[in-house]
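Participant: Structure in structure tokens, see below.
The values are calculated or read from the model by the stated rules, or taken from the named source; none is laboratory data. This structure is a prediction, so every number in the text was calculated from the model and none was measured. Neighbour counts are summed over all protein chains in view; Cβ atoms, including those assigned to glycine, are modelled from backbone coordinates with ideal geometry.
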Amino acid sequence: MLRTITAVLVVLFLAQCSKEDNLIRKKQLGDIVHSTSIEELDRIFAHDSVVKLPEGEALVREYKVFDEKGEPALVFVPRIENDSVKSLELVKIYSDYYVTEKGISTASTFKDVAGQYTIEKIEPSFSSAILFIDEINATISLNKSDLKIDEFDMSDIRQDQIPDLARIMYITLWFE
């Protein structure tokens, strides 16, 4: 009986740890925060496929982590001051493995986001509608093709113009 209880507790502990590794919070992705260094990212993603851009340069401007299919899962952009990396500025999250405390991931739809968070504002870009979610210090990019809006149309986008099933392209978590 003691072995069974111990095994259950170990499984629950490991499950909790793995949940924390993929949690999107305000200014935090798992254990990664703005002060996480590139060297720490190398350690955290040691078993993943990583590309540092520009390749072969000492100063990393993008740190891309790829999934098992070769697709980008995460793209970290460091804040560069005086020709040195001081901290992380943002991470673009493409993988649905990463999820907010309210259950939102890149597999979610606009309806899911609007049901869980207050959308502070919506701004158009050339290819997307960008939702600003202050609660988690993030922006969520929706594909304009899902909105039936011309790619280069830069006019204002209202929340009621966005279909419930509009897909998330990526989530940008801002560390600052």
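Participant: Tell me yes or no: at least one residue of the stretch 75-83 is more than 16 Å from the chain's Cα centre (by Cα), touching a residue at least 24 places away in the same chain (Cβ under 8 Å) and in the same structural domain as residue 38 (by TED's automatic domain parsing).
Facilitator: Yes, the stretch 75-83 contains at least one residue that is more than 16 Å from the chain's Cα centre (by Cα), touching a residue at least 24 places away in the same chain (Cβ under 8 Å) and in the same structural domain as residue 38 (by TED's automatic domain parsing).
Participant: I'd like the full set of residues that are surrounded by fewer than 17 Cβ atoms within 10 Å (Cβ to Cβ) and among the small types (Gly, Ala, Ser), limited to the stretch 129-176.
Facilitator: 145, 155 - these are the residues of the stretch 129-176 that are surrounded by fewer than 17 Cβ atoms within 10 Å (Cβ to Cβ) and among the small types (Gly, Ala, Ser).
Participant: Same structure again: Which of the residues belonging to the stretch 94-107 are crowded, with 19+ Cβ neighbours inside 10 Å and over 18 Å from residue 72 (Cβ atoms)?
Facilitator: Once the filter is applied, which keeps residues that are crowded, with 19+ Cβ neighbours inside 10 Å and over 18 Å from residue 72 (Cβ atoms), the stretch 94-107 yields 100, 104.
Participant: Another question, if that's okay. Here is a check on your reading of the model: is residue 89 acidic (Asp, Glu), in contact with a strand residue (DSSP E or B) (Cβ under 8 Å, 6 or more places away or on another chain), surrounded by 13 or more Cβ atoms within 10 Å (Cβ to Cβ) and under 22 Å from residue 34 (Cα atoms)?
Facilitator: Yes: the conditions hold for residue 89.
Participant: Here is a list: 59, 23, 2. Which entry is aliphatic (A, V, I, L, M) and at pLDDT 95 or above?
Facilitator: Step by step, each of 59, 23, 2 is checked, and only 23 is aliphatic (A, V, I, L, M) and at pLDDT 95 or above.
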